[in-house]
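Report on the following structure.
The values are calculated or read from the model by the stated rules, or taken from the named source; none is laboratory data. Only a predicted model underlies this, so the values are computations on that prediction, with no experimental measurement involved. Quick reminder, even Gly has a Cβ in these numbers, built from the backbone with ideal geometry, and neighbours come from all protein chains shown. Just so you know, the surface numbers come from the protein's heavy atoms only, side chains and all, with ligands and any DNA or RNA stripped out. Shrake-Rupley method; radii C 1.70, N 1.55, O 1.52, S 1.80 Å.
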Amino acid sequence: MADCGKYRQMMSFYIDKELSAKENALFQRHLNGCASCRARLAAYETISKAAAEALEEPPAELSDQIMKNVRFFAVQASKTGKKRPILKPVLISSAAAAACLALVFFGAPQLFNLGGSSKTASSVPERAYASAPASEAGDGLNASIKSADTGETEGAEAYDTASSEAMMGLKDDSEATQNSDRQSAEGYGTQAMSGDTDYKAYYATFIIKGQLPELLKDSAMKDNGDGTYSIEISVQTAQRLIKDGYTAVMGGKNMEKALVIYSAE
Amino acid sequence: MTPSEERAVIEKVRRGDADAFEALVLDNQKKVYNLALKLTGNENDALDISQEAFLRAYTGLKSFRGESRFSVWLYRLVYNLCIDDSRKKQRAQASSLTYIDEEGECSELEIHDMRYEPAGEAEKRELRQAVSAGVDALPTKYREILVMREITGMSYEDISRTLSISEGTVKSRLSRARQRLALILMRNGTFLCDNRRKNLREVEGHG
């Protein structure tokens, strides 16, 4: 019994087939002579089996919704690269429009008092998320198939705890982080945006509607004449907004100012 | 999907065929969804995160280098999204059914006769629910790693990269997670020695 501790350790590896041939043989030999360990192994195997069988089917609409988002992005991507002021509503389907507006909502549910609780469990919420992994460089999505040489092995590395901050521009990271979230602005079909907003000229650009953040209450606003106001803010303020959950299109990391485009409606 | 089929699909998507991405979605959505479900604890978040993960995977496909399987990359996206999500919500750790206060207890556990082969469908369902609840009751780190392994089937190496911990930590944590889960299940009566279970059945009139 005394050395069962060692075999109990091995048990987990045994189940996962991560023991070497030699270790396997050793383990099996012990098993043959130890009822307690056999019982424990049986329990572990039962658990594993039950856990694997306990997988639930995702709702049927999940894949549909995902592909809707994907196709929407693909369409938007084919339009990028051209700098054009999106001053009038583009004709897109209502689902895409909802997804479009939802681009603003991500990360900033307080804008419209939207929270997770407002969704019902039975429906798959329609959301399109605009942020692209930080390692994406270049304009738009499929428009340019450049692979960003970030020195990281996989795009998913971008979502390391450290890198997700880098993505928001809070830490200086590879050049590729500059263009992350660019798509969130490109995707606005029904938004009136003030002319050609040059994102690269700012550290970050925020689109805020409805409730003006406390942080900006005393800031100078410039009337753009189309219902929106431009507010220039410091990088520090921008970072605080990001921390508070406001989504931003990141621009040039060396820029000293950030921009808020605010509209009351 | 075999690795080479997967590579072919990814290549198609990279060349601009967005519809081809659906094959990757269908292939991976069940595990992605369940991973998110177990890590966040609720359906709505799991759905949101599943959608987001796939969308990010799509937009970031160019930077996927194929050094691991697409699924592993995808699970990492899911995991990191769940982390971000829980940070935003500052979720308090589930405190429901923790029976064990000290880790030391686990190693002392003698599991007597824990063989339990559920006979009919009802018993199987019961067991699945019990295991699911037991997993939910685990401390976060244990739940995460057990869920990673049992739901995704990732190797220790892939898990270590996904969670950004050493392989040694993966091994020991997984082992402890299983021990703790077994303990929970024994304490709440899911695992009983054959005698006790028989007696229980008689008492409850199952005959």
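Which far-off residues, 5 or more places away or on another chain, put their amide H under 5 Å from the one on A:Lys257, with H placed in the peptide plane?
Here A:Tyr203 satisfy the definition.
Give, to the nearest whole percent, the P(r) tail of the stretch A:207-265 beyond 18 angstrom, counting all Cα pairs.
Values: 470 of 1711 pairs.
Counting every Cα pair in the stretch A:207-265, those more than 18 Å apart make up 27 percent.
Using only atoms on other chains, find how many Cβ atoms lie within 10 Å of each Cβ of peptide B:169-182 and report the average.
On the way: counts 0, 2, 6, 2, 1, 5, 9, 2, 1, 10, 7, 0, 4, 5.
Partner Cβ neighbours, averaged per residue: 4.
Amide H to amide H under 5 Å from A:Gly210: which residues, 5+ apart in sequence or cross-chain, H placed 1.01 Å off N in plane?
Amide H neighbours of A:Gly210, under 5 Å, 5+ apart: A:Ser263, A:Ala264, A:Glu265.
Within the set B:Lys38/B:Lys171; A:Lys222/A:Lys257; A:Lys68/B:Lys62; A:Lys243/B:Lys62, which residue pairs have Cα atoms separated by over 25 Å? Intermediate results must be reported in sequence, preceding the final value.
Values: B:Lys38/B:Lys171 20 Å; A:Lys222/A:Lys257 15 Å; A:Lys68/B:Lys62 20 Å; A:Lys243/B:Lys62 28 Å.
In this structure, A:Lys243/B:Lys62 lie more than 25 Å apart at Cα.
Given N residues in the stretch B:1-46, what is its alpha carbon radius of gyration divided by 2.2 N^0.38 Å?
Numbers: Rg = 13.2 Å, N = 46, 2.2 N^0.38 = 9.4 Å.
Here the answer is 1.40, to two decimals.
First measure r as the distance between the Cβ atoms of A:Cys4 and A:Gln236, then evaluate 1/(1 + (r/R0)^6) with R0 = 45 Å and state the FRET efficiency to the nearest 0.05. Can you show the working numbers first?
Numbers: r = 59 Å, r/R0 = 1.30.
It comes to 0.15.
Step through the residues of the stretch B:171-177 one at a time and calculate ³J(HN,Hα) from phi using the Karplus curve (6.51 cos²θ - 1.76 cosθ + 1.60, θ = phi - 60°), rounding each to whole Hz and writing x for Gly and Pro.
4, 5, 5, 5, 4, 5, 4
In Å², rounded to the nearest 100, what is the total accessible surface buried by chains A and B against each other with a 1.4 Å probe? Don't skip to the answer; put the middle values down first.
Values: alone 15710 and 12510 Å², together 21740 Å².
By this definition, chains A and B bury close to 6500 Å².
Once phi is turned into ³J(HN,Hα) by the Karplus curve 6.51 cos²θ - 1.76 cosθ + 1.60 with θ = phi - 60°, what whole-Hz value does each residue of the stretch B:4-21 show in order, with x for glycine and proline?
Calculated HN-Hα couplings, in order: 6, 4, 4, 4, 5, 4, 4, 5, 4, 5, 4, 7, x, 8, 5, 4, 5, 4 Hz.
Modelled label-to-label distance, A:Arg71 and A:Glu45, 7 Å Cα→beta-carbon offset: nm?
4.7 nm
How fast does the stretch B:1-91 diffuse by Stokes-Einstein, in µm²/s, taking the Kirkwood radius from C-alpha pairs at 25 °C and 0.890 mPa s?
Working: Rh = 13.4 Å.
D, rounded to a whole number, is 183 µm²/s.
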